[in-house]
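> Take this structure first; my questions come after.
The values are calculated or read from the model by the stated rules, or taken from the named source; none is laboratory data. Computed from a predicted model, the values in this text were never measured in an experiment. So basically every Cβ, Gly included, is an ideal-geometry build from the backbone, and we count neighbours across all protein chains shown.
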Amino acid sequence: MPLRRLFLNASVVCLRCQTRLALPTIAQQSFTRAFTSTRTLSRSQTDPKPTDSTSTPDPKDEDIFIPKPLGRPIGFKQPPQPGENATIPRTKKDYSGMTMSQRNLEKRKDLVEKWGTNYFRDFKNIRKYRSGKTFMANPRIFKKDVALYFPNLHGDTLEAKGMDTTNVLAGKVSVVKVYSSQWGLTQVETFTGKSQNAELQKILAQSPGVAQMVDVNIEENTMKAWIIALFQWRLKASKPKEDWGRYFVVRKGVSERIRETIGLLNGRVGYVYLVDEDCKIRWAGSGDAEGTEMEDMNRGFAKMVAEAQ
């Protein structure tokens, strides 16, 4: 108001004198006001307020991780062998006997190979966006001639100890569920659960000699693995006897290289893989099933079963 009187009211007093009179009055006023967030200011008044936890956050947030579809096949170039990955090797590569120049060239070669094969190196800063979903599943399965291999994982089944996934996967078309927690199991059930996906259960029932479902429970915590072993009888009671050999509890051997190569970046998230009779990954999904991911998986699985038959 002092400024308003200063500029709108005509007066014979000079401008300098009017300013001196107005300043004390302005200084006594409180400048406290409520500020509004930038997101509220940028949103139109007609736009609905986000109420769903899966709504897309502000893209300006540098911590946001938005999963994208797989751009190329994932997996290993070499076929898996039983007995591999029983433990995680901790020995460093031996460069003794080399000259300094040869050693530098060898280290550079190893570094290039490591970063060249790590498709998920840009995904490591993963957040809890969309329940930890690492990537979006592709609508179609990867072609057999370009698909890469699922690694061998060594662990105990409900039927026997010291078993390898390669022996179970070879020769059959498999839906492989990989998880490390109850939350991850709940997520993979959105793809494969009996109540959520009746069509998948129908394909499995119609092709018992060709199609199968395999559980891989990665539990590297000794106490939790002990609890699983203690209540193994409950797991056996919940599954048919013919499925006991398809439930793995893996405690060792899942190295960072394996995780980065097949996308197991979040230890609490569930993952689903379609693996053919040659142990090649033809399709992969993560987190909760979204959009048409479940239908895409069923269509691809039916095609793989038809190829195997």
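> Anything in segment 268-288 that is in contact with a helix residue (DSSP H, G or I) (Cβ under 6 Å, 6 or more places away or on another chain), of a type in the set (A, V, I, L, M) and either more than 22 Å from residue 206 (Cβ to Cβ) or without any contact (Cβ under 8 Å) to a residue 60 or more places away in the chain (or both)? List them, or say none.
269 - this is the single residue of segment 268-288 that is in contact with a helix residue (DSSP H, G or I) (Cβ under 6 Å, 6 or more places away or on another chain), of a type in the set (A, V, I, L, M) and either more than 22 Å from residue 206 (Cβ to Cβ) or without any contact (Cβ under 8 Å) to a residue 60 or more places away in the chain (or both).
> Need the failing condition index for residue 77 against (1) closer than 28 Å to residue 302 by Cβ; (2) surrounded by 11 or more Cβ atoms within 10 Å (Cβ to Cβ); (3) at pLDDT 90 or above, just the number.
Result: residue 77 passes all but (2).
> A follow-up question, please. So in segment 58-74, with the set limited to residues that are of a type in the set (D, E, K, R) and modelled with pLDDT of 65 or more, which one is surrounded by the most Cβ atoms within 10 Å (Cβ to Cβ)?
So the first thing to find is which residues in segment 58-74 are of a type in the set (D, E, K, R), and the list is 58, 60-63, 68, 72.
The next check asks that each one be modelled with pLDDT of 65 or more; those that pass are 68, 72.
Working: 68: 11, 72: 9.
Of everything passing the filter in segment 58-74, 68 is surrounded by the most Cβ atoms within 10 Å (Cβ to Cβ).
> Another one. Which condition number does residue 197 fail, the rest of (1) more than 26 Å from residue 305 (Cβ to Cβ); (2) out of contact with any strand residue (DSSP E or B) (no Cβ under 9 Å at 6 or more places or on another chain); (3) surrounded by 14 or more Cβ atoms within 10 Å (Cβ to Cβ) being met?
Looking at each condition in turn, residue 197 falls short on (1).
> Continuing with the same structure: Filter segment 191-212 for residues that are among the hydroxyl-bearing types (Ser, Thr, Tyr) and in a loop (DSSP other than H, G, I, E, B); which is nearest to the chain's Cα centre (by Cα)?
195
> Could you list, in sequence order, all residues of segment 95-109 that are surrounded by 11 or more Cβ atoms within 10 Å (Cβ to Cβ) and either among the charged types (D, E, K, R) or at pLDDT 75 or above (or both)? Walk me through how you get there before you give the answer.
First, pick out the residues of segment 95-109 that are surrounded by 11 or more Cβ atoms within 10 Å (Cβ to Cβ): 95, 98, 102-107.
Residues satisfying the conditions are 98, 102, 103, 104, 105, 106, 107.
> I'd like the full set of residues that are surrounded by fewer than 16 Cβ atoms within 10 Å (Cβ to Cβ) and within 22 Å of the chain's Cα centre (by Cα), limited to segment 145-182. It would help to see each step written out before you state the result.
Quick first cut of segment 145-182, residues surrounded by fewer than 16 Cβ atoms within 10 Å (Cβ to Cβ) only: 145-146, 159-162, 167, 171, 182.
Of everything in segment 145-182, just one residue is surrounded by fewer than 16 Cβ atoms within 10 Å (Cβ to Cβ) and within 22 Å of the chain's Cα centre (by Cα), namely 182.
> Also, quick follow-up: Please go through segment 220-257 and give me each residue that is surrounded by 17 or more Cβ atoms within 10 Å (Cβ to Cβ) and within 23 Å of residue 76 (Cβ to Cβ), ordered by number.
246, 248, 249, 250, 251, 253, 254
> Here's a follow-up. When you go through (1) in contact (Cβ under 8 Å) with a residue 24 or more places away in the chain; (2) acidic (Asp, Glu); (3) part of a helix (DSSP H, G or I); (4) under 30 Å from residue 87 (Cα atoms) one by one for residue 215, which number turns out not to apply?
With respect to (1) in contact (Cβ under 8 Å) with a residue 24 or more places away in the chain; (2) acidic (Asp, Glu); (3) part of a helix (DSSP H, G or I); (4) under 30 Å from residue 87 (Cα atoms), residue 215 is out only on (3).
> Evaluate segment 285-297: report whether one residue or more is over 21 Å from residue 164 (Cα atoms) and in a strand (DSSP E or B). First the steps, then the outcome.
From segment 285-297, those over 21 Å from residue 164 (Cα atoms) are 285-297; that's our starting set.
With in a strand (DSSP E or B) added as a condition, the list becomes 285-286.
Scanning segment 285-297, I find at least one residue that is over 21 Å from residue 164 (Cα atoms) and in a strand (DSSP E or B), so the answer is yes.
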